[in-house]
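Please treat every number below as a calculation from the coordinates, not as lab data. Computed from a predicted model, the values in this text were never measured in an experiment. Quick reminder, even Gly has a Cβ in these numbers, built from the backbone with ideal geometry, and neighbours come from all protein chains shown.
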Amino acid sequence: MKRRCPPILILMQMLALCLRTGGSSSSRRIAKPAATAFALPTIHRSNSGCATTTTTRMHSTAEDAKPAAAAASIQSTDADGDDDGKGGRGGEENYAPPWSQPQSKASSSRATRFRQHVNPLSRRYQMNADLPDGWPQSDFTNVNLPLYLDIGCGKGGFLLELVGRRRRNTNGNIILRDDDYMNSTKTMYEDTTSEWLPTSCDGMNYLGLEIRPQASQYARARAEKRGLDGTLSFLGCNANVDLDRLLTLYRKSTTTTTSIDGGNDGNDNYRRPAFVSIQFPDPHFKKSHSKRRVVTSALVTTLAKFMREGDVVFLQSDIKDALEGMRERFVEDDGKAYFDECSDGNTDDDGGEQQEYGMRNPLGIPTEREVSVLKKGLPVYRTLFKRKGNVFKS
């Protein structure tokens, strides 16, 4: 067995080395940057000089590193979304909206992977998103149109397929990339969009909202690449923070282009969310995380404020508890006052036992998540609400 050297001997050997060389190698590594930055004198071979100079330089280096370390910490938490907004130094002014970060080169890559979860209650996700200059005119050719609003659009596959297919059906000159998802949408359901949406694709604008910054940037790049910009747009934001502001801006906007029926009487009823879908949102399984769910009482109130009689809210999830959590918000308080549930008589009837919340997909175009779930033989839970005719009371 090896004999362990007593600590006092190790300390004495280090001290002797310091005296012979004018400071340990680690001391020189710490002191060297400080000497370069602040032009401090070099270390002398004396006990007091060595100890005093080294201590001074280490202190200066550490003090100088604090701001850089703090900035790196803020940048790191902004990027990964783990900060919960509690504690910390510097205040809110040190945080920038996560959607303000420049678009990464990987955003246009088909194989790009994104975070699956973020905390919508964290400090930076409670900030207003930075909108393009002149929004919504900057994103839509004609703003005198009703709006299809998809809250929690992910990478935008559903809206890209919806708009691309409807425009292709209208003028036949849009060719979309053939992939597994789009092949599935062609055969899985019958396209019934004309029963719920204007006959022409150009009779409506389409907007997807997504809280994950990189996913929203990726979706926006996809729309531009496929030539669907001007009709379809994506924004990165927290819907529970920005939805009222976005819909207010959309309602107040106007263009000289004619509206749906060829006229423009100045009625802002055209500039409203006529169809809203919330599909497969993050279920936030933990009881303590239920407050993070996207459908809140405030969100329902905002939709009731801007929607008109007969306008539709479509909800679906592969998690029954998540669907019921969303549904509860629409059958209580403002939801009960302004919305009626209308899923009866629209069920998937395959001759077997009827599934609870088993209505058909009203549009006939599944999301990417929906395709994956149904291929595994798992159920999808759906319900649908329509806006009542009573006037919203602020």
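On a full-extension model of 0.36 nm per residue, what is the gain between GLN13 and VAL391, subtracting their alpha-carbon distance, rounded to one decimal in nm?
127.5 nm
Taking the Cβ-Cβ separation of SER138 and LYS225 as r and a Förster radius of 25 Å, what is the calculated FRET efficiency to the nearest 0.05?
Between SER138 and LYS225 the formula returns 0.85.
For GLU195 and SER288, compute 0.36 nm times the residue count separating them, minus their Cα-Cα distance, and round to one decimal in nm.
Gain in length upon complete extension: 29.5 nm.
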